[in-house]
Structure formats: structure tokens, C-alpha cells
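Colleague: Okay, handing you the structure first.
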Amino acid sequence: YESLTVAELAKKLNREPSEIIKKLFMLGVMATINQSLDKDAIELVCADYGVEVEEEVRIDKTDLNVYFEEEDPEEALVERPPVVTIMGHVDHGKTTTLDAIRHTRVTEAEAGGITQHIGAYQVDINGKKITFLDTPGHEAFTTMRARGAQITDIVVIVVAADDGVMPQTVEAINHAKAANVPIIVAVNKIDKPTANPDRVMQELTEYGLIPEDWGGDTIFVPISALKGEGIDQLLEMILLVAEVSELKANPNRRAIGTVIEARLDKGRGSVATLLVQNGTLRVGDPIVVGNTFGRVRAMVNDLGRRVKEATPATPVEITGLHEVPQAGDRFVVFEDEKTAREIGEARAQMALQASRAQKSRLTLDNLFEQM
Ligand code: GTP
Ligand code: MG
């Protein structure tokens, strides 16, 4: 066994937990009933009882990443919308671009339906959807990537034509390259008299982003986010890149995905914006999210409307979790509430132990520092 709690080990050995705790104490291991024991401790106790430990290779059900590695049969896969992140230097127009996209695509009637802002939204272009992540600044992107949660399919880098390539432009390029995600360059603020789009293109060649006109393969779209110019072309290019990428998912499986943002709401409790990456998420689903769990109580889409289900690449806000997860946490839907509870509680326990270990390490470090 990879790991067992004292209680589980006691059960397997047909002994009282208190007896195991005593035995561990005699062997020099301090333990409480719900504490996980490592292989060495288990072997020590078993040897003392003259029981041989059988090693069992099994997948770690508490590791949420395992569920992301499950492959879907080819015939179950269908096309899904691309997930797009907009990045770029401060003040180059990311927010204005996102607003322009939302305004050109969300009809007036729908706009009235936006009751609350969620960290991601979807637009519909002649029946083809695109999902935009609204707020992942570079920091969020870095954390998500560091935690292995790759959620973006395409990165749009916004560069102001009157300012050119700046440090965060380069950072964004590096992020996208490290994640191996296709880049589209939106050369923004072309309405400005001081705009110099050619200079932007020239500067970007240094980073390997060469326009198609110059023999490269990077798509450049001149836009004025402020005036709404070039936005349709930008959306078209995003769909083109998405088509080439052949993004697919299996809507007929239990949902998996990533937390975009989460917060505690006074009335509704833990509220989390999730991006469904595969499968279909439904109201009532038993779910583990990061180190917490629950049952999807209610789901709201990006227009603030209640929905019953969310298909791949759809962002939704859910309630029904016991605690507030963190941005970048992964989520997995399980077959029943019992399993979700077990895995969620095991994860919470492991996180608690890890943070305790971290804290005691810190105090030790402090101690040594003072010496
Ligand atoms: P941060 O979130 O602070 O990094 O900035 P941002 O990249 O989101 O830029 P934002 O959209 O807030 O735009 C910054 C400023 O540039 C605002 O004053 C916008 O009105 C202005 N701006 C954005 N796009 C355009 C454009 O196409 N033309 C002109 N003239 N101004 C623009
Ligand atoms: Mg902004």
C-alpha cells in the first residue's frame, strides 16, 4: 500500500487503532488515528505483528491529474470551441479589446442579461463559438502553467502600435511559446496618429514572429479596439487557427476542467468559475475541486443565466462546494457523492499535512537563521 491511515491499517490488521498508535509510539513514531502512514511505518508495524506487506500497484485516485490523462476513444470526440487568452503589455489595450469583442458579439437583448461578471465569456460567430478568458493576467497564467493546468488553446498578444514591443510583450511571447500555444498578434491603436504598425512587425521578427507577407507564419491583425475596427477580422483569424488546431473533446463523459476564479459570497457560499475542458458538467454532479468537494447546486453561464449543463470549453459559475478553491485548481466529477467526498476529504487532509510540514520547516529555518 502506498499509504494508509492508522485507522485503515488497524482495520486491515484486525486490531484496535489505539493499539496501533501505542505500537507506533514504541517504535518511535508519533501518530494520530487519521494520520497517513508511509510505507516504512506500515512495514514496521506489520513486521512487528509478523504480517507480510503485499505491495499493491494502484493508481492514486486522489491525484486529479490522473483523470486528465484518460484518453477518449477517437469516435467519441467532437469539435469544441477554442479557449483564447489575451495578453500584452500594460495599457496596450487588452481590456478594451475584450470589451470590443463582447460588444460586437453580444446582442443588446443578451447584454441586458449580464447580471454579473464572470471571469470568462463565450462569443458566437455564425454558429462557431470562441471562449475568452477575461482576467488571467500573466501571473495567473504562470501559476496555472506551473501547476500543469494548460487551459488556453490560442494566445492573442496585443501590442500598441504607438508604443511597440515592451517587456510584458516579450513575457507574453515567452509564456505562449513555453506552453506551445499558437500566437496571433493584434496590433492595436492603429487609429492613433503616432501609430506605426510596421515598426511593431519589424520588432517582433526578433522574437520569431514573422508576418505571412514577409514569408513567416504569424498572423498579424491591425485593430483599433477603441473604435471597434478590425475586431471581426481578429475573430475570423482566431477561428481559422482553431480549425487548424483541430480542437476536440468528448461531451459524453464526466466533466473535468480548471478553476478560473473563486470567491466566498455572503449569500451563496463558495462560488467558483470553472472552465469545462472535457465532458459535460451538470447540475447535481458530485465534484472534487482542488482540495474541496461538493455537489453542483446551481450553474450560471457567462450571461448570468441559469443553465443545467455545460459542454467542453464552456465557462460556468457554480455553487455547492464546501470550501473556496483556488484559481488554477483542477476539478473532476465523480460517479457518486461518496467517492467525491472520500477523495475531496483525502485531498484536504493531504493539503493540511503539507502546509503543517511547510510551517514546521519554516520555523526550523527561522530558528537556524537566528542562531
Ligand atoms: P492593463 O489592464 O492596465 O494592463 O491595460 P490594458 O492592456 O487592459 O489596456 P486598456 O484596455 O485598459 O487600455 C489602456 C488605454 O488605452 C485606455 O485609455 C484605452 O482607452 C486606450 N486604448 C485601448 N485601445 C485603444 C485603441 O485602439 N485606440 C486608442 N486610441 N486608444 C486605445
Ligand atoms: Mg486591462
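The values are calculated or read from the model by the stated rules, or taken from the named source; none is laboratory data. From a predicted model like this one, the values you see are computed outputs, not experimental measurements. Ideal geometry is used to build each Cβ from the backbone, glycine not excepted, and the neighbour counts take in all protein chains shown. SASA here: full protein model, heavy atoms, side chains in, ligands and nucleic acids out. Shrake-Rupley method; radii C 1.70, N 1.55, O 1.52, S 1.80 Å.
Colleague: Would you confirm, using the coordinates I've provided, whether ASN278 is away from ligand 1 (no atom under 16 Å from the Cβ), within 23 Å of ALA76 (Cβ to Cβ), touching a helix residue (DSSP H, G or I) at 6+ places or on another chain (Cβ under 6 Å) and touching a residue at least 40 places away in the same chain (Cβ under 8 Å)?
Modeller: Answer is no for this residue.
Colleague: Run down THR205, THR169 and say which single residue is over 23 Å from THR96 (Cβ atoms) and more than 10 Å from ligand 1 (Cβ to nearest atom). Give the steps one after another, and end with the answer.
Modeller: Working: THR169 fails: over 23 Å from THR96 (Cβ atoms).
After applying the criteria, what remains is THR205.
Each row is one residue, and each column tells you yes or no for (1) open to solvent by 10 Å² or more (accessible area, probe 1.4 Å); (2) over 30 Å from ASP217 (Cα atoms).
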site: SER245; (1), (2): yes, no
site: ASN252; (1), (2): yes, yes
site: ALA262; (1), (2): yes, yes
site: ARG268; (1), (2): yes, yes
site: VAL276; (1), (2): no, yes
site: LYS308; (1), (2): yes, yes
site: THR311; (1), (2): yes, yes
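Colleague: Looking at (1) more than 16 Å from ligand 2 (Cβ to nearest atom); (2) at pLDDT 85 or above; (3) touching a Phe, Trp or Tyr at 6+ places or on another chain (Cβ under 8 Å); (4) of a type in the set (Val, Ile, Thr), find the lone condition where VAL66 falls short.
Modeller: (3)
Colleague: Additional query: Residues in the stretch 211-229 that are open to solvent by less than 60 Å² (accessible area, probe 1.4 Å), touching an Asp or Glu at 6+ places or on another chain (Cβ under 8 Å) and in a loop (DSSP other than H, G, I, E, B): how many?
Modeller: 2
Colleague: Hey, GLN233 hits all of (1) part of a helix (DSSP H, G or I); (2) open to solvent by less than 40 Å² (accessible area, probe 1.4 Å); (3) closer than 17 Å to ARG102 by Cβ but one; which does it fall short on?
Modeller: (2)
Okay, residues lined up against (1) modelled with pLDDT under 85; (2) more than 16 Å from ligand 2 (Cβ to nearest atom); (3) surrounded by 13 or more Cβ atoms within 10 Å (Cβ to Cβ):
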residue: MET87; (1), (2), (3): no, no, yes
residue: HIS92; (1), (2), (3): no, no, yes
residue: ILE101; (1), (2), (3): no, no, yes
residue: THR107; (1), (2), (3): yes, yes, no
residue: ALA111; (1), (2), (3): yes, yes, no
residue: GLN116; (1), (2), (3): yes, yes, no
residue: ALA120; (1), (2), (3): yes, no, yes
residue: GLY127; (1), (2), (3): no, yes, no
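Colleague: For GLU71, work out the one condition from (1) open to solvent by less than 50 Å² (accessible area, probe 1.4 Å); (2) closer than 30 Å to GLY127 by Cβ it doesn't fulfil.
Modeller: That leaves (1) as the condition not met.
Colleague: Scan (1) more than 16 Å from ligand 2 (Cβ to nearest atom); (2) at pLDDT 90 or above; (3) open to solvent by 20 Å² or more (accessible area, probe 1.4 Å) for the single condition VAL83 breaks and write down its number.
Modeller: Result: VAL83 passes all but (3).
Colleague: Just name the residue that is surrounded by the most Cβ atoms within 10 Å (Cβ to Cβ) out of those in the stretch 323-339 that are at pLDDT 95 or above and either under 19 Å from the mean Cα position of the chain (by Cα) or basic (Lys, Arg) (or both).
Modeller: The residue in question is PHE331.
Colleague: Going through VAL200, VAL170, VAL181, VAL241 one at a time, which residue ends up being aliphatic (A, V, I, L, M), over 30 Å from LEU281 (Cβ atoms) and within 30 Å of the chain's Cα centre (by Cα)?
Modeller: Numbers: VAL200 fails: within 30 Å of the chain's Cα centre (by Cα); VAL181 fails: over 30 Å from LEU281 (Cβ atoms); VAL241 fails: over 30 Å from LEU281 (Cβ atoms).
Residue meeting the stated conditions: VAL170.
Colleague: Residue check: is ALA346 in contact (Cβ under 8 Å) with a residue 24 or more places away in the chain, open to solvent by less than 10 Å² (accessible area, probe 1.4 Å) and part of a helix (DSSP H, G or I)? Let's see the steps before the verdict.
Modeller: Values: in contact (Cβ under 8 Å) with a residue 24 or more places away in the chain: yes; open to solvent by less than 10 Å² (accessible area, probe 1.4 Å): no; part of a helix (DSSP H, G or I): yes.
For ALA346, the condition - in contact (Cβ under 8 Å) with a residue 24 or more places away in the chain, open to solvent by less than 10 Å² (accessible area, probe 1.4 Å) and part of a helix (DSSP H, G or I) - is not met.
Colleague: Report the residue count in the stretch 236-251 for those that are over 17 Å from ILE125 (Cα atoms), outside any strand (DSSP E or B) and of a type in the set (D, E, K, R).
Modeller: 1
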